[in-house]
Amino acid sequence: MTDEWIRRERSFRGISTRLAIKYLETLGGEQTSETRVEADDWAVDLSAQTVGVGPSMSLTQVDLVFEGDPDALDPLIERFAQKAMRAGG
């Protein structure tokens, strides 16, 4: 991480960590650990949890911490969100 990098946190429900990693790879990243994907000008750390969405239903929520060059990060998050919204609930 460089001094010019910024950090953004986002959560997406209804997708798996595996699918989130696949999306990040299609956006130019490379999985470097079980919960991290990196590219030249950005990196993302992922975690997952189960969250309740009513009295008897739960979903997987994937939490992503995006870090990177501001010029690369905002478009990356937008493209990722478009993919995740099509898949998620």
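The values are calculated or read from the model by the stated rules, or taken from the named source; none is laboratory data. Here the structure is a predicted model, which is why all the values come from computation and not from measurement. When we count neighbours, we look across all protein chains shown, and the Cβ atoms used for this are built from the backbone with ideal geometry, even at glycine.
Listed values, structure above:
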quantity: Output for region 5-52, where each listed residue is over 17 Å from Ala81 (Cα atoms), in a strand (DSSP E or B) and among the β-branched types (Val, Ile, Thr); calculated: Ile6, Thr32, Thr50, Val51
quantity: For Asp63: the one exception among (1) exposed (fewer than 15 other Cβ atoms within 10 Å of the Cβ); (2) at pLDDT 95 or above; calculated: (1)
